[in-house]
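None of the figures in this text is laboratory data; all of them are computed from the coordinates on show. Everything numeric in this text was worked out from a predicted model, so none of it was measured. Heads up, the Cβs are rebuilt from the backbone with ideal geometry, glycines too, and the neighbour counts pull from every protein chain shown.
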Amino acid sequence: MTSQTIPAAASGTWKLGDLAVNRIGFGAMRLTQHGEAFAPDAVPRDRDQAVAVLRRAVELGVNHIDTAAFYFSPLRSANELINQALAPYPDDLVLTTKVGPGRDPSGQWLPHATPEQLRGQVEENLRQLGRDHLDVVNLRIVGSDSIAERFGALAELREAGLIRHLGLSNVLPQHLAEAQSIAPVVCVQNMYGIGASPEQTEFLGMCGEQGIAFVPFYSIAGTGRTAGATGNHGREVHALARGHGVSAAQIRLAWTLHQGSHVLAIPGTGDLDHLAQNVAAGALHLSEEELTALDPLHHGTA
């Protein structure tokens, strides 16, 4: 079996509520354009190529796709690409979306949605994806303010049957506690990877203790964030990559998955070769010695 054919099932599975997913998934943020995500002057990605990547992801066993209505670029919308490529959807495919942020048609960011506006965002995701319900909806926030009213609005939509499960994105532990007093939370989606803060590592562990999936974003890109990964992966990462005959990005993904059985990965790409490499990273085993070798880089002591 080559890296082009290693299935997502090799990464193991976790449940988002009652929905079983392979721990290697796919993030749709980078699907719509070349270059930095959300850049207004970015070049739209070829539609056929984007559709091919999505279909190949599902062929490789990816059954967890992370998306959002605000993932769009000139001429391309991630949700509508997913709809075109994959509908009618496989029975085991879990589509996770997020609400809170919004962008106007020119791509400019809008103020985060009020509780009253969240229903419109949920309905827009439903329309674009061609679904009558959303599997998982994450409330994405900025700041440390109370989320009770906003999360409560989503909980009402869950009761109405428009949403199956709820999650959180870019949050603090206090937000998780606040949300759980309102409705069950199946996942927390936060920035995490090698070099993450001790507070985020503690939060990751807290989620595991409570049976909540922890879904890192920018786990490969790191400081590159929406611009994507840089070549500055660290000598420890490059040494392990050479030893395993894989890329530095695959080592970073594998390290992330080694942080707990409840950790899911959603690397995104618009390239078929990178897709296969990302999925193959789920089968990459790092020994205790190799994980220890990455500790200086993770803790900032390298």
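Can you grab the distance from the C-alpha centre of the stretch 17-52 to the C-alpha centre of the stretch 263-302, Å, no decimals?
Taking the Cα centre of the stretch 263-302 as reference, the centre of the stretch 17-52 is 19 Å away.
Shape call for the stretch 37-173 from the C-alpha gyration tensor, a ≥ b ≥ c root eigenvalues: rounded (a/c under 1.5), prolate (a/b greater than b/c) or oblate?
Verdict is oblate for the stretch 37-173.
In square nanometres, what is the average projected area of the Cα convex hull of the chain?
14.6
Can you tell me the length gained on complete extension of the stretch residue 271 to residue 206, counting 0.36 nm per residue apart and subtracting the Cα distance?
Length gained, residue 271 through residue 206: 20.0 nm.
I need the calculated FRET efficiency for the pair residue 124 and residue 199, taking r as the beta carbon distance and R₀ as 22 Å, to the nearest 0.05.
Taking R0 as 22 Å, the efficiency between residue 124 and residue 199 is 0.10.
Sorting check: for 4-13, 281-290, which peptide has the highest mean count of neighbouring beta carbons within 10 Å, and how do the rest follow?
So the order, starting with the most tightly packed, is 4-13, 281-290.
Can you run phi through the Karplus equation (6.51, -1.76, 1.60; θ = phi - 60°) for the stretch 263-269 and list ³J(HN,Hα) in whole Hz, with x for Gly and Pro?
Working through the residues one at a time gives 8, 10, 10, 10, x, x, 6 Hz.
Would you calculate, for the chain, the mean residue ellipticity at 222 nm contributed by helices, counting each DSSP H stretch of 4 or more residues as -39,500 (n - 2.57) and dividing by all residues, to the nearest 500?
The per-residue figure over the chain is -10500 deg cm²/dmol.
State the answer as a single residue: which of 7, 133, 188 lies farthest towards the positive end of the charge dipole of the chain, with beta carbon charges of +1 for Lys and Arg and -1 for Asp and Glu, about the Cα centre.
Checking the options against the dipole of the chain, the answer is 7.
How high is the relative contact order of the chain, in percent, with contacts defined as C-alpha pairs under 8 Å that are six or more residues apart?
Contact order relative to length: 21 percent.
Simple spin-label model, 7 Å along Cα-to-Cβ: residue 244 to residue 4 in nm?
Distance between the two pseudo-spin positions: 2.1 nm.
For labels at residue 299 and residue 75 in the simple 7 Å Cα→Cβ model, what's the distance in nm?
Here the modelled spin labels are 5.1 nm apart.
Shape verdict for the stretch 106-186, please, from the Cα gyration tensor: rounded (a/c under 1.5), prolate (a/b greater than b/c) or oblate.
oblate
Lys and Arg at +1, Asp and Glu at -1: add these up for the other residues within a Cβ distance under 14 Å of residue 129 and post the number.
For residues surrounding residue 129, the net value is -2.
Which order do the peptides 46-54, 129-137 take when ranked by the mean count of other beta-carbon atoms within 10 Å per residue, highest first?
Going by the mean number of other Cβ atoms within 10 Å, highest first, we get 129-137, 46-54.
Starting with the highest mean, order 110-122, 15-27, 188-200 by the number of other Cβ atoms within 10 Å, averaged over the residues of each peptide.
15-27, 188-200, 110-122
Taking the Cα centre of the chain as origin, sum charge times position over the Cβ atoms of Lys and Arg (+1) and Asp and Glu (-1), and report the length of that vector in debye to the nearest 20.
Rounded to the nearest 20 debye, it is 480 debye.
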